[in-house]
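Worksheet for the structure shown next.
The values are calculated or read from the model by the stated rules, or taken from the named source; none is laboratory data. What you are looking at is a predicted structure, and each value in this text was computed from that prediction instead of being measured. Virtual Cβ from ideal backbone geometry, glycine too; neighbours counted across all protein chains shown. Remember, those area values only see protein heavy atoms, side chains included, never the ligands or the DNA or RNA. Shrake-Rupley method; radii C 1.70, N 1.55, O 1.52, S 1.80 Å.
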Amino acid sequence: MPTPSPARMHDFEVVSNEPIAQGIFALTIRAPKLASVLRPGQFVNIAVPGNAMSLLRIPLSFAHADAAAGTVDIWYAVVGEGTERLSRMKPGERSDLLGPGGKGWKIPAGCERALLVAGGIGVPPVLCLARELARGGIPFDVCMGAATAAALVGEDDFRAAGADEVRVCTDDGSTGYHGFCTDPATELLREKSYGYVATCGPEPMMAKVAAAASDAGAPCEASLERMMSCGFGACSTCAVETVNGMQGACMCGPVFDAKEVVW
């Protein structure tokens, strides 16, 4: 995998910005230099116009970077004032961002099969990884979940990426398995041999996936969500407790070796 490029400022233009599920939007931006250097699992820190009192950028993962088209697809949940302003950005509007940020996924050498576990808005960085695995000819299975069917995103995309099996779960049972995606993930870890497990979503979910992977003897990485206010290690707002001490998610992550995280 290529060495990650250092984070830089990039101007971008909104291509599209539309709702794709309950409370979730898909933003496509045109930023050619950024699209050519982003790697699966990294993030961008976006300046959202519209509030002069808001000084912080919004850190977001991405679902796809198309170097040929010069575009980046970002899926995000509207959860506060900043993302609500972001949801109002229209095609043709411009701003800037800092990226690529952090360290992404690291597929182990010799991996013959992978298991991907994604919950809620944790789907985008895992979907990026799915496409990377497909390009490398590595088969993979997916367990994905959401609170309800209306909030589920990415099922068709995982299938299009080439997943051998996609197990869908919802908390309320409105589609797929009624319950958390940690249950079918644990079942798959007992049924099959995996050389790599990757997960992103709610932290309790990732902790259970990490434990199940450890029990199965499979290496596991987890993409952690933190408020990465500056995006380059200066503000210490994104600290993650690890066995090696506190580490900043924006520089040492957001993808961490799951066995090094103090869950």
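Regarding the range 208-221, can at least one residue be identified that is at pLDDT 95 or above, surrounded by fewer than 14 Cβ atoms within 10 Å (Cβ to Cβ) and either assigned to a helix (DSSP H, G or I) or over 16 Å from the mean Cα position of the chain (by Cα) (or both)? Within the range 208-221, one or more residues are at pLDDT 95 or above, surrounded by fewer than 14 Cβ atoms within 10 Å (Cβ to Cβ) and either assigned to a helix (DSSP H, G or I) or over 16 Å from the mean Cα position of the chain (by Cα) (or both).
Residues that are more than 26 Å from GLY248 (Cα to Cα) and open to solvent by 20 Å² or more (accessible area, probe 1.4 Å) are absent from the range 72-82 altogether. Can you spot a residue in the range 4-25 that is under 16 Å from the mean Cα position of the chain (by Cα) and open to solvent by less than 20 Å² (accessible area, probe 1.4 Å)? Checked against the condition, which is being under 16 Å from the mean Cα position of the chain (by Cα) and open to solvent by less than 20 Å² (accessible area, probe 1.4 Å), the range 4-25 yields at least one hit. Does MET251 satisfy the criteria of being in contact with a Gly (Cβ under 8 Å, 6 or more places away or on another chain) and not in a loop (DSSP other than H, G, I, E, B)? Here the answer is yes, as MET251 does meet what is asked. In the set (1) under 17 Å from the mean Cα position of the chain (by Cα); (2) open to solvent by 50 Å² or more (accessible area, probe 1.4 Å), the condition left unmet by GLY110 is number (1). With respect to (1) at negative phi; (2) in contact with a Pro (Cβ under 8 Å, 6 or more places away or on another chain); (3) modelled with pLDDT under 95, the lone exception for TRP105 is condition (3). Within the range 26-49, the set of residues being over 24 Å from ALA222 (Cβ atoms), part of a loop (DSSP other than H, G, I, E, B) and either open to solvent by 10 Å² or more (accessible area, probe 1.4 Å) or modelled with pLDDT under 95 (or both) comprises ALA47, VAL48, PRO49.
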